[in-house]
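One structure is given here, and the rest of the page talks about it.
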């Protein structure tokens with residue numbers, strides 16, 4: 001198993017496992033991205049926050065952008081793993097981690113990062129999709145379409161929401177509209193001829 005070096009005290013180093021090093025780097029990256037503009041986050045800062053040697057990013061991820069991309073994926077994993085179902089509050093619209101992920105992905109795309117490397121794992125995660133089918137009372141096709149649509153709405157809101165300056169009431173109206181649409185999905189599915197599976 002691959003190891004990474006961690007600074008314990010001056011002049012003394014301890015080896016840690018690859019998985020722990022990766023997790024610490026991702027966690028440190030997310031913490032720094034929450035506090036600083038993305039262009040100010042450096043490899044040295046991340047490694048200092050994680051308590052690891054600066055060469056660890058290169059060893060574990062290859063580049064800072066690859067670490068940022070993996071951190072964006074981790075934010076989605078954290079969000080989906082914390083939810084037993086998505087039938088309650090419209091949490092994705094106000095979730096700080098999802099908003100951070102959306103802004104981070106947009107920033108990486110602007111820097112020229114490959115879009116395929118940033119694809120969300122939501123539609124390929126069988127547990128997430130099974131949960132969506134159960135909560136929405138629709139088939140796989142409609143659940144996948146709805147997940148894609150709402151993901152795009154949430155991402156657009158995170159990136160462009162501040163430019164629209166919606167009032168609290170307008171924001172609540174949008175969320176209510178989305179939830180009304182969600183409740184109508186079984187009827188829409190039937191009207192479209194998509195059989196529930």
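Scanning for something part of a loop (DSSP other than H, G, I, E, B) and either in the same structural domain as residue 97 (by TED's automatic domain parsing) or modelled with pLDDT of 95 or more (or both), does segment 24-36 turn up at least one residue? Yes: one or more hits. Here residue 173 passes the criteria (1) surrounded by 15 or more Cβ atoms within 10 Å (Cβ to Cβ); (2) at pLDDT 90 or above except the one numbered (1).
Select from segment 104-121 the residues that are free of Cβ contacts under 8 Å to residues at least 24 places away in the same chain, within 26 Å of residue 143 (Cβ to Cβ) and exposed (fewer than 12 other Cβ atoms within 10 Å of the Cβ) and list them in ascending order. Selection gives 115, 116.
Elements of the type helices (runs of 4 or more DSSP H) sitting completely within segment 122-197 and holding at least 2 residues that are out of contact with any strand residue (DSSP E or B) (no Cβ under 6 Å at 6 or more places or on another chain), in contact (Cβ under 8 Å) with a residue 24 or more places away in the chain and under 19 Å from residue 92 (Cβ atoms): these cover 126-136, 140-164, 168-183.
When segment 42-71 is limited to residues that are free of Cβ contacts under 8 Å to residues at least 24 places away in the same chain and surrounded by 20 or more Cβ atoms within 10 Å (Cβ to Cβ), the one that is nearest to the chain's Cα centre (by Cα) turns out to be 46. Out of all the residues in segment 95-118, which are assigned to a loop (DSSP other than H, G, I, E, B) and under 18 Å from residue 157 (Cα atoms)? Hit for segment 95-118 is 95, nothing else.
Number of residues in segment 83-107 that are more than 24 Å from residue 135 (Cα to Cα) and either at pLDDT below 90 or more than 13 Å from the chain's Cα centre (by Cα) (or both): the value is 1.
The values are calculated or read from the model by the stated rules, or taken from the named source; none is laboratory data. Since the model is a prediction, treat every value here as computed from it, not as a measurement. Backbone-built Cβ (ideal geometry, glycine too); neighbour counts: all protein chains shown.
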